[in-house]
1. What's the total number of residues in region 127-155 that are charged (D, E, K, R), assigned to a helix (DSSP H, G or I) and over 23 Å from the mean Cα position of the chain (by Cα)?
2. More than 16 Å from ligand 2 (Cβ to nearest atom), within 28 Å of the chain's Cα centre (by Cα) and not in a strand (DSSP E or B): does that describe Ala85?
3. Please tell me if Ile285 is aliphatic (A, V, I, L, M) and within 28 Å of Val33 (Cβ to Cβ).
4. State whether the residues of region 218-238 include one that is in a helix (DSSP H, G or I), within 11 Å of the chain's Cα centre (by Cα) and among the polar types (S, T, N, Q).
5. Among the residues of region 344-353, write down those that are within 17 Å of Arg279 (Cα to Cα) and either crowded, with 18+ Cβ neighbours inside 10 Å or aliphatic (A, V, I, L, M) (or both).
6. Counting only residues that are of a type outside the set (S, T, N, Q) and surrounded by fewer than 16 Cβ atoms within 10 Å (Cβ to Cβ), which one in region 8-20 is farthest from the chain's Cα centre (by Cα)?
7. Quick check on region 254-273: of everything there that is in contact with a Ser or Thr (Cβ under 9 Å, 6 or more places away or on another chain) and under 30 Å from Gln209 (Cβ atoms), which residue is surrounded by the fewest Cβ atoms within 10 Å (Cβ to Cβ)?
Amino acid sequence: MARVYLEDISRRFGSTIAIADITFEVPDGEFWVLVGPSGCGKSTILRTIAGLDNATSGSLFIGDRRVNQVPARERDVAMVFQNYALYPHMTVAENLAFGLRMRQAEPKTIRARVETVAQSLNIAHLLDRKPRQLSGGQQQRVALGRAIARQPQVFLLDEPLSNLDAQLRDDTRAELKQLHQRLGITTIYVTHDQVEAMTLADRIVVLHQGKIQQIADPQTMYAQPANQMVATFLGNPPMNILPVTYDGEGFQLAGRMIPCPERLRSSLSPGQRLNLGIRPEHIQIAADRPAHLVVEVAIVEPLGRETLLRTHSIAPEAALVNVQVAAEMRLKVGDRLPLFCTPERLVLFDPATGNNLNPA
Ligand SMILES: Nc1ncnc2c1ncn2[C@@H]1O[C@H](COP(=O)(O)OP(=O)(O)O)[C@@H](O)[C@H]1O
Ligand SMILES: [Mg+2]
């Protein structure tokens with residue numbers, strides 16, 4: 001096992017800057033997730049670590065060794081792709097054993113490893129089959145198993161669950177997490193899915209247009225996003241972003257006022273324009289509390305455990321507000337609701353840069 005350290009890694013393709021000044025260190029044994037929208041540079045980073053692509057500039061370390069010039073097969077990393085390729089003429093057992101056999105491991109070691117991996121991925125009953133006799137989900141497990149069986153220093157996974165249907169994706173995600181808890185292999189996992197990032201990661205790296213936006217553990221990132229991009233990327237439905245003006249007491253929006261908590265006051269001056277961030281679960285129907293905002297329901301989406309309301313504030317400004325309410329509430333389009341925003345949960349963004357005014 002080994003740490004992975006990227007220092008100022010950049011990669012250009014002609015005039016396209018795929019990734020710029022990427023610096024982070026994954027400590028030995030941790031599970032990190034790189035997440036961001038399509039095209040943000042996730043695969044380029046992973047391929048650079050694997051040695052399938054070369055950085056234009058910067059240094060890459062695996063353990064204490066600078067590996068920029070080390071060929072892929074000597075880096076002792078295993079990579080699994082979304083479009084995995086199994087050897088069609090080999091059985092599942094032979095596919096699992098392939099990496100070990102290439103490394104001239106003892107037949108006894110190979111047998112034991114294959115058995116353990118097959119059991120932990122629930123494919124032990126498939127060992128004698130050929131890949132064409134497997135479902136897509138089973139094939140993907142074999143691809144994961146083949147990488148795991150090698151017990152590499154570093155495990156690199158590029159959207160490995162994207163081809164699976166929803167139920168199987170959730171199950172395999174949980175198995176991956178358990179597997180990591182047991183084996184402790186340093187893992188870097190790429191996904192565009194924020195749920196996978198939140199659920200799997202020791203630490204998340206959010207990328208946008210080739211640049212790192214924030215590195216943090218899931219809870220910190222969810223509560224204290226570094227900027228509006230992170231705030232609206234993590235969480236479904238995303239954080240509400242409301243344009244407001246600070247009046248010395250609170251935040252003016254649509255003729256009402258959301259009070260400013262003490263901890264945020266020192267950084268503000270009256271008249272200042274801001275973007276106020278608040279997550280849907282931190283807005284409630286005011287009931288007997290003061291209404292910070294009055295909205296009109298535009299769309300009602302029952303989610304089972306709760307109901308998502310897409311609403312807009314009542315004129316003059318029509319800010320869009322997502323609210324989550326108890327499933328028992330029967331609301332309909334056009335209903336007017338007084339809302340209460342939990343003041344401790346407010347996050348402030350600079351409208352010019354989108355940056356959090358009080359970063360974690
Ligand atoms: N071989 C290549 N040639 C030219 N441009 C590339 C190449 N590989 C990636 N890119 C560009 O680099 C950027 C990042 O790509 P990629 O790392 O694949 O993103 P992601 O995996 O996050 O979807 C994109 O703009 C993509 O078009
Ligand atoms: Mg990709």
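The values are calculated or read from the model by the stated rules, or taken from the named source; none is laboratory data. Note that the structure is a prediction, hence the values are computed from the model and not measured. Here Cβ is always computed from backbone atoms with ideal geometry, including for glycine, and neighbour counts include all displayed protein chains.
1. Initial filter on region 127-155 (charged (D, E, K, R)): 128-130, 132, 141, 146, 150.
In the following step, the residues that additionally are assigned to a helix (DSSP H, G or I) were identified as 132, 141, 146.
Add one more test, that the residue is over 23 Å from the mean Cα position of the chain (by Cα), and what stays is 132, 146.
Here the count works out to 2.
2. Working: more than 16 Å from ligand 2 (Cβ to nearest atom): yes; within 28 Å of the chain's Cα centre (by Cα): yes; not in a strand (DSSP E or B): yes.
Taking the combined requirement at face value, the residue satisfies it.
3. Numbers: aliphatic (A, V, I, L, M): yes; within 28 Å of Val33 (Cβ to Cβ): no.
Judged against the criteria, Ile285 is not a match.
4. Of all residues in region 218-238, those in a helix (DSSP H, G or I) come to 218-223, 228-233.
Those still in the list that are within 11 Å of the chain's Cα centre (by Cα) too: 218, 221-222, 230, 233.
If we keep only those that are among the polar types (S, T, N, Q) too, we end up with none.
Checking region 218-238: not a single residue is in a helix (DSSP H, G or I), within 11 Å of the chain's Cα centre (by Cα) and among the polar types (S, T, N, Q).
5. At the first step, the residues of region 344-353 found to be within 17 Å of Arg279 (Cα to Cα) are 344-349.
Hits for region 344-353 are Leu346, Val347, Leu348, Phe349.
6. Gly14
7. Top of the filtered list is Arg273.
Per-residue answers, yes or no, for (1) modelled with pLDDT under 95; (2) closer than 30 Å to Thr232 by Cβ; (3) surrounded by 15 or more Cβ atoms within 10 Å (Cβ to Cβ); (4) within 15 Å of ligand 1 (Cβ to nearest atom):
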{"residue": "Thr44", "(1), (2), (3), (4)": "no, yes, yes, yes"}
{"residue": "Ile62", "(1), (2), (3), (4)": "no, no, yes, no"}
{"residue": "Arg73", "(1), (2), (3), (4)": "yes, no, no, no"}
{"residue": "Asn83", "(1), (2), (3), (4)": "yes, yes, no, yes"}
